[in-house]
Every structure is written in C-alpha cells, then in structure tokens.
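Presented below is the structure to which this report refers.
Read the figures in this text as sums done on the coordinates, not as results from a lab. Predicted, not measured: the structure shown is a model, and the values here were computed from it. All Cβ positions, even for glycine, are placed from backbone atoms using ideal geometry, and neighbour counts span all protein chains on display.
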Amino acid sequence: MISSMTAFGRTQKEESGYLMTVEIRTLNSRGLDVVLRLPKNFIEFEDSCRKLIGREIKRGRVEVFVQIESTKVEQKAPPISMALSRYYWEQLGDLHRQLPGSDPPRFQDLLRIPHIYETREEIQDRETLGGLLACCVEEALAQVLRMRALEGASLLKDCTARLEALRQELATVESRKDLVLIEYQQKIRDRVRELLEDTEIDEARLLQEVAYLAERSDINEEIVRLRSHIDQMSELLAGNAPSDGRRLDFLTQELHREANTIGVKTGDLEAIQAVVRMKSEIGKLKEQVQNIE
C-alpha cells in the first residue's frame, strides 16, 4: 500500500459567531516538514495542529493555512467614537469660520475622517476556537489522506508496470549471459593467436588468462542482485503495510547501479540495448518513487 506525498484539502465551518477556513497542501519532501500559517495571536494552537498532522502523515511538506473571522456585525463593523466625532466637528466649524468664503462643514465630511473609527479589541472564545480549529484540521486532513491514497493507487499501477518491464529486459540480458561468455573467450583466443602469429602458445597459460578476463566480464552477480532488488520493491509496493518511500528510493538507486555495471561489463549488442531500456525504466521509476510517502 502506497500513498502519494502530493494532495490538497479544504474545509470551512461556522460556529458561535466565527467562520473558520482551513486549507492543507502537501508536497514532496525528504522528511516531515509542517508549516503552519495561523492568524496572529493564535500561536497557542500550533502544537495541537502539529500533533494532529503528525499522527496521520509521516513524510512530506505540509502547509496549513488558517483563516478566522467573526460573523457578528458588531465585531466586524468598527464603532464610531462620539468624543472624537464632536472634537473633529468643532475643528471643522472653527476652520470654516477662519476661512472666509468656505462652505460650512457637512456630516459626510466628518465621516471621511478615519480617526473617528475605533479599533475594537475582538473578544474571542479561545476554547470554542480551539475546538473548531481541531475539527476543521481533521476534516481537511481526511480529504488530504483520501487524495494521497488515490494518487498512491495510480503510482502503484505505474511502478508495477515498470518493474515488470525491468523483469523482461533482465530476462533478455540473462539469456545472453552464457553465450556472451563463450563468444568473449573465443574472441580472446583468436586475438592472442593473431598477435603472436607463429609464436608457440602456452595453451594452459592462455586458458588461465582467458578464464581470468572472462570472470571479470561475468554479470551473474549483477543479475542476481538486480532480480533481488526488483523483488524487494514489488513486495514493498504490494504489501498491506504503508510503503517506505525512502527505502524504495534507495532500491531504485541500487537498480541503476547494477544495470550500469552490466552495461560496462558486457559487450553484447543485444544485452547493451536491453540495459539501455532498463536504465530508462529505472529513471522513470525513480521519478515516481520520489512521490511516495
């Protein structure tokens, strides 16, 4: 079972005079990186949000955006200061009297003065807000988990297909293994005889050198390790337990290393072509694996 690291969730709830909106976006990351963007003066809720997220998500960058606003008119509308209004009205009257020919002040002139509006300190029910925030985070997080699971199913299908393609290419390489060794040994013998021409050849010594060079070109160990890595990845992807994306990423690196070694060792055209196709599949597999939690 695998989960993608990319997803999005959003929820909005209204309760006790508050409207709360929570958005959660998750992205790829090497570890768990939680970024909380709460309104100022709400830092006390950060720890509880991190714990909620940490229980459900083990890897990825998690960005949480929280917006809180009051739905009460008396809280949203700034009150007018009567004392400041009287003061500015008197000032406008004095200014009119001191400036001959000016129009007398009007009520709308007073309303254009921003200083008459007071900034009221909003009375907040911290307990209600804390419970509302937890509920919104849980709902948005549930959406994220569902999306990650759906993305994971697509990743599983693609990765499984690529592993099967690797098995087929590996079978091609393996089918050429013994034939390549025989051809390689014969080429060495022919080349040595060509270089030495009429010189008497120590056949025992020649066989020893041929065997040594052939051993260096043997790809059996790399084939065994490649098959083992493919099998391990298949087991991790198909298991019921959540797959470890970091382990899968490590295995893709090992796949590439073994395939590269085979390509260096073998001189058979058909085997080399199969290795090139394998490396292409491994590169695409690595891109997909890096999205897994």
State the extension gain, in nm to one decimal, for the chain segment bounded by ARG106 and VAL276, taking 0.36 nm per residue of separation less the distance between their alpha-carbons. 52.8 nm
Table column - 3J(HN,Hα) (Hz), segment 136-144, Karplus curve with 6.51, -1.76, 1.60, x for Gly and Pro: 5, 5, 5, 5, 5, 5, 5, 5, 4
Output ordering of 265-278, 88-101 (per-residue mean of other Cβ within 10 Å, highest first) is 265-278, 88-101
Amide H neighbours of GLY60 at under 5 Å, excluding residues fewer than 5 places away on the same chain, with H built from the backbone geometry, are SER29, GLY31, LEU32, ASP33
Non-local amide H neighbours of GLU15 (under 5 Å, H modeled in plane, Pro and chain starts lacking H): which ones? MET20
Ordered by residue, what ³J(HN,Hα) values in Hz, to whole numbers, does segment 269-279 give under the Karplus form 6.51 cos²θ - 1.76 cosθ + 1.60, where θ = phi - 60° and Gly and Pro are x? 4, 5, 5, 5, 4, 5, 5, 4, 5, 4, 5
Percent RCO, i.e. relative contact order, over segment 1-120, from Cα pairs under 8 Å lying at least 6 residues apart: 25 percent
Explain nothing, just compute: Karplus ³J(HN,Hα) = 6.51 cos²θ - 1.76 cosθ + 1.60, θ = phi - 60°, for every residue of segment 164-175 in order, whole Hz, x for Gly and Pro. 5, 5, 5, 4, 5, 5, 5, 5, 5, 4, 5, 5
